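The values are calculated or read from the model by the stated rules, or taken from the named source; none is laboratory data. Quick caveat, the model's predicted, so the values are computed rather than measured. Counting neighbours? That spans all protein chains shown, and the Cβs are built from the backbone with ideal geometry, glycine included.
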Amino acid sequence: MNTELEQFFNEIDSFQATYANKIPSAREAQRLADGLFHFLFPILSDDPKPARVQYAMLRHDLISALIPLLYNKSGAATLIADRFFQALPRIQKTLLEDARAILEFDPAATCLEEVLATYPGFHAIAVYRIANLLHRLGAPLLPRFFSEYLHGKTGIDIHPAANIGHAFFIDHGTGIVVGETAVIGNNVKLYQGVTLGALQVKKSLANTKRHPTIEDNCILYANCTILGGQTVVGHDSVVGGNSWLTESIPPYSVVTHHTEVKVRSRPFEEPVNFII
């Protein structure tokens, strides 16, 4: 066998041995995320089980997923799992507030069951709240696997460390980005394409607040971009579609993006080149 290829095989085996137990199985993490979502809302499950049975199965699976990530400290994994399940009733209550907010403000929503079963925005919020709880309890990596799983399914990217209040409304949702240090208050509404991002991506800023704060009762319409850790959108404000903010605005503000329309007196002789 070629010596270079043999060395390459050895490097792959060494890499596998080094990192094998330091990341969870993507398939198991996805199955666990779905299982926890269906545990909170069993009417959505294809195979509903009694709550106590489902709890025992999920607790076992969560502990099993955490043990290798916590350097085989089974006691630490058990403690996180038990604290997690103790907090789940509060998570479900908050999620029902989120679902009712969607039902109240989306004219297309006809009933709560429709929101729970079919709205990708609600699904993303639910998995965010599960992942956020695990993150706050100190579970390594698993929360990111949950959030990235839903990112792939819904196109909604919410970092599990973000701080989001009650009655959170996401409509349509595709393309939404909520960064790690973003803070979102209560009764906030986000539409597709909204970005709550950072002004800079320097690694030296990892431990600083890089993403904006959105106070209570704000509406952020489609494709608006709000950047910067010091940027605050004051309560009861509206940020219009395609708007761009890098500075704070006071409460009750309205931010709009103006589009200029010019009508020509004759047809174009050649296609117009647009900058995208």
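Considering each of Val183, Val115 in turn, give the residue that is assigned by TED's automatic domain parsing to the domain that holds Phe37, modelled with pLDDT of 95 or more and buried (at least 17 other Cβ atoms within 10 Å of the Cβ).
Unique residue meeting the criteria: Val115.
Out of all the residues in segment 150-162, which are surrounded by fewer than 20 Cβ atoms within 10 Å (Cβ to Cβ) and over 20 Å from Asn207 (Cβ atoms)?
His151, Gly152, Lys153, Gly155, Asp157, listed by residue number.
Give the residues of segment 127-141 that are farther than 24 Å from Leu116 by Cβ and in contact with a Pro (Cβ under 8 Å, 6 or more places away or on another chain), sorted by residue number.
Scanning segment 127-141 gives a single hit, Leu141.
Sort out which residues of segment 1-57 are surrounded by 10 or more Cβ atoms within 10 Å (Cβ to Cβ) and of a type in the set (Phe, Trp, Tyr), and write them in order of number.
Phe8, Phe9, Phe15, Phe37, Phe39, Phe41, Tyr55
Looking only at helices (runs of 4 or more DSSP H) that lie completely in segment 1-83, which have at least 1 residues being closer than 30 Å to Leu96 by Cβ and touching a residue at least 12 places away in the same chain (Cβ under 8 Å)?
In segment 1-83, 26-40, 51-69 are the helices (runs of 4 or more DSSP H) which contain 1 or more residues that are closer than 30 Å to Leu96 by Cβ and touching a residue at least 12 places away in the same chain (Cβ under 8 Å).
Are any residues in segment 150-185 among the small types (Gly, Ala, Ser) and within 13 Å of Ala126 (Cα to Cα), and if so, which ones?
Residues satisfying the conditions are Gly165, Ala167.
Among the residues in segment 122-139, are any over 17 Å from the mean Cα position of the chain (by Cα), of a type in the set (Phe, Trp, Tyr) and either closer than 17 Å to Ile170 by Cβ or at pLDDT below 95 (or both)?
Within segment 122-139, not a single residue is over 17 Å from the mean Cα position of the chain (by Cα), of a type in the set (Phe, Trp, Tyr) and either closer than 17 Å to Ile170 by Cβ or at pLDDT below 95 (or both).
Go through (1) at pLDDT 95 or above; (2) among the basic types (Lys, Arg); (3) surrounded by fewer than 20 Cβ atoms within 10 Å (Cβ to Cβ) one by one and return the number of the condition Lys203 breaks.
(1)
Scan Arg129, Arg210, Arg136 and give me the residue that is of a type in the set (D, E, K, R), touching a Ser or Thr at 6+ places or on another chain (Cβ under 7 Å) and either more than 30 Å from Ala76 (Cα to Cα) or surrounded by fewer than 17 Cβ atoms within 10 Å (Cβ to Cβ) (or both).
Arg210
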